[in-house]
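Single-structure report; data block below.
The values are calculated or read from the model by the stated rules, or taken from the named source; none is laboratory data. Quick caveat, the model's predicted, so the values are computed rather than measured. Reconstructed Cβ throughout: ideal geometry from the backbone, glycine too, with neighbour counts over all protein chains shown.
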Amino acid sequence: MISIKNLGFGIAIFLLTMFIGIYGINTFYDKSPDYNAYCNRTVDIYVNNSADCVSLGGEWTAYQGPKEPTPVNGYCDFYSQCSKEFNNAEEKYFKVVFMIALPLGIAIIAVGALFFGLEFVGAGLIFGGVGIIVYGVGGFWRFAQDWLKFSLSAVGLVVLIYLAYWMAKRKKKKR
């Protein structure tokens, strides 16, 4: 049975491992794109037709679905182009963060599982590695295609199951 003290150490190691991994990535890799660096203008103009919208540099978007009967059939989006540029920059940024966090998290999980005899230290590192992976995946997941999400999830599951079986065999041999 695990003591409260060891549980506390395990949780502290988990949190600090995550903090070191996440802040390390943020320190040594660029900051995430800032929306205001891409879309820093304010537009205080009411536009109620597509011709005026396009001439002012906006993109007209027609309303979809049921609506009140009015002469205006859409709205002018002055931020569509800069939002696309921001989203592209954000996708590139989070892809690199993902490519850093995934192997880092896997390495920390492996270190925690293989090299520490103190169970709470190993468990804290394993959970910290999982947290770093979740951090990396969280930013990029919305940009990834379904086949990539499926493939990475399947590979991760197979590797973890293999590692768990390998550790269990190793532990039996020591007894």
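Take the residues in the stretch 134-147 that are within 14 Å of the chain's Cα centre (by Cα) and hydrophobic (A, V, I, L, M, F, W, C); name whichever of them is nearest to GLY105 (Cα to Cα). So the residue we want is VAL134. On inspection, VAL43 does not qualify as within 24 Å of the chain's Cα centre (by Cα), surrounded by 12 or more Cβ atoms within 10 Å (Cβ to Cβ) and β-branched (Val, Ile, Thr).
May I ask you to say which residue of LEU118, LEU104, LEU114 is modelled with pLDDT of 90 or more and either surrounded by fewer than 16 Cβ atoms within 10 Å (Cβ to Cβ) or not basic (Lys, Arg) (or both)?
Numbers: LEU118 fails: modelled with pLDDT of 90 or more; LEU114 fails: modelled with pLDDT of 90 or more.
None of the other options fit; the residue is LEU104.
If a residue counts only when it is among the aromatic types (Phe, Trp, Tyr), which helices (runs of 4 or more DSSP H) contained entirely in the stretch 1-60 have at least 1 such residues? Steps first, answer last, please.
Numbers: elements: 4-28, 35-38, 50-55.
Answer list for the stretch 1-60: 4-28, 35-38.
Within the stretch 45-91, the set of residues being under 30 Å from LYS31 (Cα atoms) and of a type in the set (Asp, Glu) comprises GLU59, ASP77, GLU85, GLU90, GLU91.
Quickly run through the stretch 121-131 and pick out the residues that are among the small types (Gly, Ala, Ser) and crowded, with 22+ Cβ neighbours inside 10 Å. Within the stretch 121-131, GLY124, GLY128, GLY129 meet the criteria. When VAL96, VAL159, VAL134 are checked against the criterion of being outside the structural domain of THR27 (by TED's automatic domain parsing) and either modelled with pLDDT of 80 or more or surrounded by 12 or more Cβ atoms within 10 Å (Cβ to Cβ) (or both), VAL159 stands alone in meeting it.
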